[in-house]
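The values are calculated or read from the model by the stated rules, or taken from the named source; none is laboratory data. Not measured: the values here are computed from a predicted model. Glycine also receives a Cβ, built like all others from the backbone with ideal geometry; neighbour counts cover every protein chain displayed.
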């Protein structure tokens with residue numbers, strides 16, 4: 001059994017196609033206790049990965065600037081080896097950060113215990129200087145550099161480096177105590193297995209996991225209401241709503257891997273959430289290769305799903321959105337001004353139309369559009385789909401809808417952050433097909449909301465835009481959206497962005 005590939009066993013396709021019993025993706029109503037607990041965790045937390053990443057950049061800057069200051073003190077302002085010294089100082093600073101990373105000095109446990117890691121930090125800093133000296137010796141350049149200068153920098157740099165670590169340890173402890181830097185986890189499945197898991201996690205020193213509660217479909221006889229001091233807050237269906245309100249980071253399934261049917265039933269409900277999903281492996285009889293596991297302290301976990309576009313990927317995507325949204329607003333400002341004038345001249349009412357739609361994590365957002373319907377016939381909930389030659393649409397409205405000019409104000413949504421430039425298109429909250437909401441038509445529809453919705457997307461450039469008049473169109477659009485989420489990259493976003501104007505020339509389905 002050691003040859004089983006857990007990533008293949010629980011692929012998104014396997015979960016979506018599993019046809020065991022399920023209550024659907026729609027969140028169930030929470031009980032009062034669960035709602036009260038969830039309200040305590042509404043605030044977003046700081047990711048440990050982001051904190052350690054920022055610290056890397058800060059430490060590089062501190063080491064580099066301290067080296068330059070020592071150079072200016074001893075040599076003057078670029079009076080000797082004007083570029084060689086700065087390059088050498090930058091290289092040594094970068095090497096030190098790399099060595100600190102390799103020796104796990106950026107792990108949360110190490111950051112919280114700088115005194116215990118004093119020797120390791122000193123050894124890394126000395127190692128960077130040793131490698132720098134060896135390189136200078138091999139290149140026959142050592143006589144050109146001042147030993148006093150580098151000796152002074154060694155002392156100054158280490159004092160600053162260790163001092164910064166002392167400050168960071170206090171900050172991290174305070175953030176952890178205040179709940180600002182933690183990974184919020186929910187245990188899925190109760191009973192003895194959950195108790196063993198919780199005890200194992202709590203034994204880990206300097207743990208950044210905060211267990212927020214337990215959810216289980218089983219009755220109190222099989223799954224006690226209190227496990228290891230944590231309450232059972234509700235059923236799996238109620239967990240969907242709880243996880244969205246409480247900003248949960250991780251779901252830990254405490255069921256044995258051998259209970260494959262039960263595990264798949266749970267994953268079919270839970271994979272729609274933008275969270276990490278882990279299967280506890282601490283008590284599994286099945287053993288995989290060590291690299292198949294991730295760990296919370298020493299507790300092994302099988303990675304089932306990862307939160308998409310997380311940590312530094314989210315920073316890169318947000319930067320992408322800001323840059324290209326500003327470019328879009330500047331480039332299309334004449335078109336938007338002309339459109340606003342045309343709408344005013346064509347019919348009475350406001351230029352812009354605001355519509356409530358489902359955003360990231362199923363939250364309700366307001367999306368801006370140029371008004372394309374007569375004011376007294378507008379349909380803010382989009383309960384009635386716009387069809388060809390729809391009498392509600394104005395003359396200008398027909399043109400701007402067909403050319404997608406009505407969507408241009410959404411550059412502002414993207415700039416402000418409620419939308420992303422690229423992503424699944426957001427649908428109105430009451431959008432229907434044959435009197436069924438979209439989530440009632442497509443199993444797993446809410447998984448589209450694991451990332452921010454976009455102004456344009458992979459489905460749109462593949463022809464799935466405009467009227468959603470059949471269930472098949474909704475299913476295909478959802479499939480393309482899920483493909484985008486599972487295969488996201490900045491290059492993929494660039495490809496969609498540059499293909500969008502070309503594909504918009506096909507106006508067959510746009511009314």
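Any residue at all in the range 365-376 that is assigned to a loop (DSSP other than H, G, I, E, B), in contact with a helix residue (DSSP H, G or I) (Cβ under 7 Å, 6 or more places away or on another chain) and under 20 Å from residue 409 (Cβ atoms)?
yes
Any residue that is in a helix (DSSP H, G or I) and at pLDDT 90 or above - is there at least one of those in the range 427-443?
No, there is no match, as no residue in the range 427-443 is in a helix (DSSP H, G or I) and at pLDDT 90 or above.
Can you tell me which residue among 248, 277 is assigned to a loop (DSSP other than H, G, I, E, B), crowded, with 22+ Cβ neighbours inside 10 Å, modelled with pLDDT of 85 or more and in contact with a strand residue (DSSP E or B) (Cβ under 8 Å, 6 or more places away or on another chain)?
248
Taking the options 172, 187, 121, 89, name whichever one is surrounded by 16 or more Cβ atoms within 10 Å (Cβ to Cβ), touching a residue at least 24 places away in the same chain (Cβ under 8 Å) and touching a strand residue (DSSP E or B) at 6+ places or on another chain (Cβ under 7 Å).
Selected residue: 187, the only one of 172, 187, 121, 89 that is surrounded by 16 or more Cβ atoms within 10 Å (Cβ to Cβ), touching a residue at least 24 places away in the same chain (Cβ under 8 Å) and touching a strand residue (DSSP E or B) at 6+ places or on another chain (Cβ under 7 Å).
Pairs under 6 Å by beta carbon, first residue over 23 Å from residue 272 (Cβ atoms) in the range 305-327, partner surrounded by fewer than 14 Cβ atoms within 10 Å (Cβ to Cβ) and at pLDDT 95 or above, six or more apart or different chains?
none
Just one of 65, 148 is over 30 Å from residue 207 (Cα atoms), out of contact with any strand residue (DSSP E or B) (no Cβ under 9 Å at 6 or more places or on another chain) and modelled with pLDDT of 90 or more; which is it?
Going through 65, 148 in turn, just one is over 30 Å from residue 207 (Cα atoms), out of contact with any strand residue (DSSP E or B) (no Cβ under 9 Å at 6 or more places or on another chain) and modelled with pLDDT of 90 or more: 65.
Mind listing whichever residues of the range 467-500 are assigned to a helix (DSSP H, G or I) and within 19 Å of the chain's Cα centre (by Cα)?
If the condition is that a residue be assigned to a helix (DSSP H, G or I) and within 19 Å of the chain's Cα centre (by Cα), then 481, 482, 483, 484, 485, 486, 490, 491, 492, 493, 494 are the ones that fit.
Quick one: residue 218 ticks every box in (1) modelled with pLDDT under 80; (2) more than 21 Å from the chain's Cα centre (by Cα) bar one, so which box is it?
Every condition holds for residue 218 apart from (1).
Only one of (1) crowded, with 17+ Cβ neighbours inside 10 Å; (2) farther than 13 Å from residue 424 by Cβ; (3) modelled with pLDDT of 90 or more is not met by residue 511, so which one is it?
Evaluating residue 511 over (1) crowded, with 17+ Cβ neighbours inside 10 Å; (2) farther than 13 Å from residue 424 by Cβ; (3) modelled with pLDDT of 90 or more leaves (3) as the failure.
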